[in-house]
Amino acid sequence: MSGSIQVSEGMRRAVFDLCDAFDRVDRRGTGRTTDTVRRSLDETIRLAVVGRVKAGKSTLVNALVGRVVAPTAAVECTRITTHYTFGGPERGEVVTRNGQRVPFDLVNGCLPEHLPVPIEHVAHAVVYLQSEVLRDMTLIDTPGLATTTTANEEATRRTVLGHEGVRAADALLCVFRDMPMRDDMDFLREWASVTNTPAEAAAHAIGVLTHADTYGGSPWSGEDPIEAARGGAARFAQQHGAHLGNVIAVAGNMAQAARAGLVREHDATMLGQLTDVDELDLELRDPNFLGELAPGILNLEVSRLAELIGEYGIRFGRDVSRQGARALSDWLGRASGIDDLRRALAVRYVGRYVHVKARRAMEVLQRLAWSEGAPMPLRGLVAEAKLRPELHPLEELDALERLAAIEPNHPLVAMLDCQLSARNDAERLAMSPASTPEQLRTQALTWSMEARRAAVVEPYPERQNAYNVLDRSFTLLAMRLGRPRG
Ligand SMILES: Nc1nc2c(ncn2[C@@H]2O[C@H](COP(=O)(O)OP(=O)(O)OP(=O)(O)O)[C@@H](O)[C@H]2O)c(=O)[nH]1
Ligand SMILES: [Mg+2]
């Protein structure tokens, strides 16, 4: 069992134990609350993709799901919110405003052009797919913000921000093209107003700078646009650290082609043949010209490929495509930035969602314990549970979010992040995987001492809190590693 699975199992166990203890003490029929809490621990994270019209939201959803399921043309479905979730048989369901569920068939695995219910009666659609990615997360594709029809925007706000304090999304992928606009930032502010703390809001929003392949203009000009987009993304992350946990540059079209397996051997061969064509001829070609661009290569075929992988793919993918479709597809995945985004999602959201769920569960139980007429021992049970080492990661998460909200680049943020994401004890202590338990324990004790000393002289409360939390992290770790033998 890997370290992170052990941690999540430990947290789940601690919350389950607390639910059991509540049920033994509280005879007022709170069983229903504890049952809800138990069930909530099995939910998958709901990730909403939001952004302006045509920012590239649906393309990104397709790239993440690994299939072209979300419409990117101007069909009805881009005007409603769609939840993509794991399930079989593959099918769709419209949920109406009055709560009815009307089934519909997918057309060639995609959303159909028209839905079985007039669009004004639709609350949202649910699409069940057998995509492995969706076992870990439900993706919510939303209509664009800042649309001419405010009804679309309403739909997005309803879904993501929820009404009466019930949020439909747990985290956001905030998609923007070139730079975040005022509407994007307004939406993030609203998001902050429905999350518990500003720190939580920022931790639960990742920015995605799409159209990275055309960032700053044409992919044929001097600088590599994706490189430039990465630089831009890093700057936006610094500027908007209070609202966004991270910003990642992605070329959605290339990502979609790679992840949905749209590149064929024939495409790779043709692209390989373009290595010998003058770059200027490629750049200035007329997309509608019916003749051959080079001997044996139809110009229209090149245009079709450009639709798929963009001009960037044509310019920079030529060398690698000589090794075949697989190599081209792998390169598209890497170059597009989608691999980086998937990694960030795995670490920040999917991996950390266990913590978020446990924290939310503890909040519900705590509210119950402090509610009017609750038996007094419940408060003691909550206090005891909070001291359990298995729930210490929740303190680490709180400390991380509080500090990251004001100083996202402080080394303590990275240190806490490492404690939450590490796969084993050696990683937690930045030591070699070959280290002995004794070596790890010595390091843990040294670090806990250093953290304690630093906490005493640290004037800023968020940093001081982070040191105190880390002191306990390393003390618990040293205890777990036990006394050295001999
Ligand atoms: N070059 C390039 N084109 C992209 C990228 N992402 C999306 N597109 C194209 O931009 C257009 C709009 O993309 P969509 O994914 O439909 O955008 P959307 O945000 O879902 O649009 P609405 O749902 O209508 O708001 C499509 O033609 C995509 O092929 C990208 O990263 N690079
Ligand atoms: Mg769309």
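The values are calculated or read from the model by the stated rules, or taken from the named source; none is laboratory data. Source: prediction; values computed, not measured. Neighbour counts are summed over all protein chains in view; Cβ atoms, including those assigned to glycine, are modelled from backbone coordinates with ideal geometry. With ligands, DNA and RNA removed, areas are computed over all heavy atoms of the protein, side chains included. Shrake-Rupley method; radii C 1.70, N 1.55, O 1.52, S 1.80 Å.
Considered as a group, the residues in segment 199-225 that are farther than 14 Å from Ile248 by Cα and polar (S, T, N, Q) include one that is modelled with the lowest pLDDT, and that residue is Ser221. Condition check: closer than 23 Å to Glu154 by Cβ and either surrounded by 18 or more Cβ atoms within 10 Å (Cβ to Cβ) or of a type outside the set (Phe, Trp, Tyr) (or both). Does Pro116 satisfy that? When the stated conditions are applied, Pro116 passes them. Among the residues making up segment 367-393, those that are open to solvent by 60 Å² or more (accessible area, probe 1.4 Å) and assigned to a helix (DSSP H, G or I) are Arg367, Pro377, Arg379, Glu384, Lys386, Pro389, Glu390.
To keep it simple, each residue is scored yes or no on (1) open to solvent by 20 Å² or more (accessible area, probe 1.4 Å); (2) under 19 Å from the mean Cα position of the chain (by Cα); (3) within 16 Å of ligand 1 (Cβ to nearest atom); (4) under 30 Å from Glu292 (Cβ atoms).
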residue: Asp183; (1), (2), (3), (4): yes, no, yes, no
residue: Arg189; (1), (2), (3), (4): yes, yes, no, no
residue: Ser218; (1), (2), (3), (4): yes, no, yes, yes
residue: Gly231; (1), (2), (3), (4): yes, no, no, no
residue: Leu244; (1), (2), (3), (4): no, yes, no, no
residue: Gly252; (1), (2), (3), (4): no, yes, yes, no
residue: Asp267; (1), (2), (3), (4): no, no, no, yes
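Scanning for something outside any strand (DSSP E or B), within 30 Å of Val413 (Cα to Cα) and not hydrophobic (A, V, I, L, M, F, W, C), does segment 291-314 turn up at least one residue? Scanning segment 291-314 turns up no residue that is outside any strand (DSSP E or B), within 30 Å of Val413 (Cα to Cα) and not hydrophobic (A, V, I, L, M, F, W, C). Is one or more of the residues making up segment 141-155 modelled with pLDDT of 80 or more, over 18 Å from the mean Cα position of the chain (by Cα), more than 16 Å from ligand 2 (Cβ to nearest atom) and surrounded by 15 or more Cβ atoms within 10 Å (Cβ to Cβ)? No. Evaluate segment 442-459: report whether one residue or more is under 18 Å from Val413 (Cβ atoms), among the hydrophobic types (A, V, I, L, M, F, W, C) and open to solvent by 40 Å² or more (accessible area, probe 1.4 Å). So far as segment 442-459 goes, yes, one or more of its residues are under 18 Å from Val413 (Cβ atoms), among the hydrophobic types (A, V, I, L, M, F, W, C) and open to solvent by 40 Å² or more (accessible area, probe 1.4 Å).
Residue count for segment 35-68, restricted to those that are under 22 Å from Arg259 (Cα atoms) and either within 12 Å of ligand 1 (Cβ to nearest atom) or buried (at least 24 other Cβ atoms within 10 Å of the Cβ) (or both): 17. Just give me the residues in segment 343-358 being modelled with pLDDT of 85 or more, buried (at least 19 other Cβ atoms within 10 Å of the Cβ) and of a type in the set (Lys, Arg), in sequence order. Passing the criteria: only Lys357.
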